[in-house]
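Peer 1: One structure follows; several queries about it will come next.
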Amino acid sequence: MAELTYRDAVTRAIAQEMSRDPDVIFFGEDVAKPGGVFKTTVGLYEQFGPRRVRDTPISEQAILGAAMGAAMTGLKPIAEIMFSDFFAVCFDYIANEFPKSRYMSNGQLKCPLVVRTANGAGSRFGAQHSQSVENWAMMIPGLKVVAPSTPRDVIGLMAAAVRDPDPVIFFEHKSLYATKGEVPDGEIVDTLGSAKIVRPGKDATILALALMVPRALDAATRLKREHDIDCEVIDVRSLVPLDTRAILGSVARTHRVFTVEENPRLCGWGAEIVSIIADEAFYDLDGPPVRITTPHIPLPAADTLEDLVLPTPDRIVETVRRSLSA
Amino acid sequence: MLAIWVMGCLAAREALRERSMAVANRKTRPAKSSVSAKSARRDVAAKPAAKPADKHAAMRAATPAATPAAKGSVAPVLAFSREQELAAYRQMLLIRRFEEKAGQMYGMGLIGGFCHLYIGQEAVVVGMQMAIKAGDQVITGYRDHGHMLAIGMDAKGVLAELTGRRGGYSKGKGGSMHMFSVEKGFFGGHGIVGAQVSLGTGIAFANRYRGNDNVCLAYFGDGAANQGQVYESFNMAELWKLPVVYVIENNRYAMGTAVTRASAQADFSKRGVSFNIPGAKVDGMDVRAVMAAGDKAVRWCREGNGPYILEMMTYRYRGHSMSDPAKYRSREEVEKVRTEHDPIEQVRARLLARKMASEDELRKIDGDIRKVVNEAAEFATDNKEPDPSELWTDVVR
């Protein structure tokens, strides 16, 4: 067991998979010699060499096109798109190419690749470098979508993603890179599609993802201490496949549900989950499901403004308290 | 008499831009319509391989080591042996008849959705196919029926995909634009204009990574050549020396917009200049010229020199898709290409003039091909529709 940053966990995860399988290759902008703009891939170039770890031109379409072309022949590329906002530059691959290949080819074409990307706000980068776009990926049939919140999950879910036969979009959160967590020694392999109850509770379920997980946990601690409200916090971890069993099971126990999303309000992932809960567990609910989200505005750059729009522990505490006392 | 076909089919207002190119081509382009003593001698020199391992082996073996022309120039047209001419004739005729049948079935309502016919462009895929070996890969856009037939995919499976039947290559879930045969090295069949260029570059990357000597042919049109990602991939391919031949099928129209109205640089063989990718302009109506250029380009890639661009000057006789009446060009323009430059007629004329085949032999080939196509049509009509349960298969594993 060792303490590792989320950032170093990314490196360890990729190294673990590249050591295991020579078909795993890794490329992206500034990822090899420079070690990544977020320093998430330092040392991989030295360890695995220029054949397997490559700096690419700043060409997102060519990066994802090359990744998929290679994957169609059986290689298992990990491609980095530096900021998830840049998905919009190469969205054809994410929306039209990766997810449709297996279906349109009668199962002949496989697309066993991983796109890793730095997602989310908190770094004051403004509207084009701070977005949370996991909902963009979630809406497309044929993709798998994960967003880990801890160093351990980074490794386990990355391993699962690399070993998965389908395209996996792997959202790392920029504001979590510096956070630390205990990570066991040796190989770590998790499973896609499993949520994790990170704090058990009986009064309400809070569903969170990535950076919102520590904020939800913080809020839950305060809700218990200050208001005697005992919240269950679930780290959703994987949007596709979605662990509906864990989510609906929790709702059946607590009878209230809150989602904490960094996505802008409209069509955030919580909307879909709330809709599933309404369909499947309506009579388990003692009150309306509540979504805590970023408002439907572009993200501002200034720290004071950015802090106002992202869900905070304060806002979660206040929203849960008010809803439960209504 | 030797004016290349482009000159013939271009209206006067477009001619000026092309003239310098055409003149340059004329200098290096030998006669192609008549039997000359020179070409006859070349025929004698071409020796077919004894026992071909596959149907194209004889043709490859028979190709004399082409004298590499300078970068950007027209590859020399080499004479074909009898076997080569006949094989090219058969393959091109199969595509022509298949596409005519597909057009007919579309008109009858048996085929829905899009249907982009390859009629007129047959020499491009057939010639290129003659230049590659087993293990090489092919990827193209949505005008893909010809590519699939040329690579040896079954006409039945292709046509049944067009009619949306369970016997289609994608069980009806792909349609005209999305078919694949990984077994044959055919990676689609792509509906998004230009994506096949980046994907083909990725396939070439995998070849290089694995250290094999396979080459990927990435076909795209003059329209796709104006997509941004093409140049991202050109850069990456040259930077990493990837074995990919970019085959630009310049059929003169990007959907309904003439090349000169859509392209600032309409000489697509030069589109790689700023990346140091060599390019050649090829008479894509002459299967011999295509094979010669393809041979050179493929060798360049196989030897580890990086990518190569071939601009195939070709022509599509039909509209962009079945729903396009092609009112953006004159009937005369189409007729002129059909009568003076038809890729199949060229081979047919040579076969007869050089007494490589009799009318009867050619009639028999025609009959055989009609039979193949009719059987495919029958299969595609009678084959069962897909089971609704297929909706849920192969989404993810």
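Peer 1: Given the structure, is A:L217 within 14 Å of the chain's Cα centre (by Cα) and either modelled with pLDDT of 95 or more or among the aromatic types (F, W, Y) (or both)?
Peer 2: no
Peer 1: Hey, another quick one. Go through the residues of the range A:231-254 one by one and say whether even a single one is farther than 16 Å from A:I273 by Cβ, touching a His at 6+ places or on another chain (Cβ under 6 Å) and modelled with pLDDT of 95 or more.
Peer 2: No: the range A:231-254 contains no residue that is farther than 16 Å from A:I273 by Cβ, touching a His at 6+ places or on another chain (Cβ under 6 Å) and modelled with pLDDT of 95 or more.
Peer 1: Of the residues A:L157, A:L176, A:L192, which is within 30 Å of B:M179 (Cβ to Cβ) and in contact (Cβ under 8 Å) with a residue 24 or more places away in the chain?
Peer 2: Sole residue among the options that is within 30 Å of B:M179 (Cβ to Cβ) and in contact (Cβ under 8 Å) with a residue 24 or more places away in the chain: A:L192.
Peer 1: If you don't mind, there's one more thing I want to ask. Tell me, yes or no, whether the range A:31-52 has at least one residue that is within 10 Å of another protein chain (Cβ to nearest Cβ) and either under 29 Å from A:L305 (Cβ atoms) or not polar (S, T, N, Q) (or both).
Peer 2: yes
Peer 1: Now for a separate question. Determine whether B:D154 is in contact with a strand residue (DSSP E or B) (Cβ under 8 Å, 6 or more places away or on another chain), closer than 22 Å to A:S101 by Cβ and of a type in the set (D, E, K, R).
Peer 2: Spelling it out, it is not the case that B:D154 is in contact with a strand residue (DSSP E or B) (Cβ under 8 Å, 6 or more places away or on another chain), closer than 22 Å to A:S101 by Cβ and of a type in the set (D, E, K, R).
Peer 1: A further question on this structure: Taking the options A:M68, A:M72, name whichever one is crowded, with 24+ Cβ neighbours inside 10 Å, in contact with a strand residue (DSSP E or B) (Cβ under 6 Å, 6 or more places away or on another chain) and of a type in the set (A, V, I, L, M).
Peer 2: Just a single option satisfies the conditions, and that option is A:M72.
Peer 1: Looking at the range B:372-389, which of its residues are assigned to a helix (DSSP H, G or I), in contact (Cβ under 8 Å) with a residue 24 or more places away in the chain and not small (G, A, S)?
Peer 2: B:V372, B:V373, B:N374, B:E375, B:F379, B:T381 - these are the residues of the range B:372-389 that are assigned to a helix (DSSP H, G or I), in contact (Cβ under 8 Å) with a residue 24 or more places away in the chain and not small (G, A, S).
Peer 1: Here is a further query. From the residues in the range A:65-103 that are among the charged types (D, E, K, R), touching a residue at least 40 places away in the same chain (Cβ under 8 Å) and out of contact with any Lys or Arg (no Cβ under 9 Å at 6 or more places or on another chain), which one is farthest from the other protein chains (Cβ to nearest Cβ)?
Peer 2: A:D85
Peer 1: Are any of the residues in the range B:191-200 in a loop (DSSP other than H, G, I, E, B) and within 8 Å of chain A (Cβ to nearest Cβ)?
Peer 2: Within the range B:191-200, one or more residues are in a loop (DSSP other than H, G, I, E, B) and within 8 Å of chain A (Cβ to nearest Cβ).
Peer 1: So, one more: Collect the residues in the range B:272-299 that are free of Cβ contacts under 8 Å to residues at least 24 places away in the same chain and among the polar types (S, T, N, Q), keeping them in residue-number order.
Peer 2: Scanning the range B:272-299 gives a single hit, B:S274.
Peer 1: Taking the range A:153-181 as the region of interest, how many residues are away from every other protein chain (no Cβ under 14 Å) and touching a Ser or Thr at 6+ places or on another chain (Cβ under 9 Å)?
Peer 2: Residues meeting the conditions: 14.
Peer 1: Moving on to the next point. Looking at the structure I just gave you, is A:S105 over 21 Å from B:G228 (Cβ atoms) and buried (at least 22 other Cβ atoms within 10 Å of the Cβ)?
Peer 2: Taking the combined requirement at face value, the residue satisfies it.
Peer 1: Quick one: which of B:S330, B:S321 is surrounded by 15 or more Cβ atoms within 10 Å (Cβ to Cβ) and under 19 Å from B:N251 (Cβ atoms)?
Peer 2: Result: B:S321 is the single residue among B:S330, B:S321 that is surrounded by 15 or more Cβ atoms within 10 Å (Cβ to Cβ) and under 19 Å from B:N251 (Cβ atoms).
Peer 1: Return yes or no: is B:L110 touching a residue at least 12 places away in the same chain (Cβ under 8 Å), away from chain A (no Cβ under 12 Å), buried (at least 23 other Cβ atoms within 10 Å of the Cβ) and not small (G, A, S)?
Peer 2: no
Peer 1: Considering only residues that are touching a helix residue (DSSP H, G or I) at 6+ places or on another chain (Cβ under 6 Å), away from chain A (no Cβ under 14 Å) and in a loop (DSSP other than H, G, I, E, B), which ones fall in the range B:133-179?
Peer 2: B:T163
Peer 1: If I filter the range B:209-232 down to residues being out of contact with any Gly (no Cβ under 6 Å at 6 or more places or on another chain) and facing another protein chain (nearest Cβ under 9 Å), which single residue comes out as surrounded by the most Cβ atoms within 10 Å (Cβ to Cβ)?
Peer 2: B:E232
Peer 1: Could you give every pair whose Cβ atoms fall below 6 Å, whose first residue belongs to the range A:109-129 and is more than 14 Å from every other protein chain (Cβ to nearest Cβ) and over 12 Å from A:D85 (Cβ atoms), and whose second residue is of a type outside the set (G, A, S) and surrounded by fewer than 17 Cβ atoms within 10 Å (Cβ to Cβ), counting only separations of at least 6 or pairs across chains?
Peer 2: As it stands, the answer is A:R124/A:D303, since those pairs meet every condition given.
Peer 1: Output the helices (runs of 4 or more DSSP H) that fall wholly within the range A:220-326 and possess 2 or more residues being farther than 28 Å from B:R397 by Cβ, over 24 Å from the mean Cα position of the chain (by Cα) and among the charged types (D, E, K, R), or say none.
Peer 2: Filter on the range A:220-326 gives A:313-325.
Peer 1: Please verify whether B:S321 is among the small types (G, A, S), out of contact with any helix residue (DSSP H, G or I) (no Cβ under 8 Å at 6 or more places or on another chain) and more than 19 Å from B:G221 (Cα to Cα), treating the condition exactly as stated.
Peer 2: No; evaluated as a whole, the condition is false for this residue.
Peer 1: Would you confirm whether any residue within the range A:14-22 is of a type outside the set (G, A, S), farther than 28 Å from A:E182 by Cβ and within 14 Å of chain B (Cβ to nearest Cβ)?
Peer 2: Yes, the conditions are met somewhere in the range A:14-22.
Peer 1: Can you tell me which residue among A:P50, A:P77, A:P99, A:P57 is in the same structural domain as A:S130 (by TED's automatic domain parsing) and in contact with a strand residue (DSSP E or B) (Cβ under 6 Å, 6 or more places away or on another chain)?
Peer 2: Just a single option satisfies the conditions, and that option is A:P77.
The values are calculated or read from the model by the stated rules, or taken from the named source; none is laboratory data. Please read all numbers here as calculations on a predicted model, not as lab measurements. Positions of Cβ are backbone-derived with ideal geometry, glycine not excepted, and every protein chain shown enters the neighbour counts.
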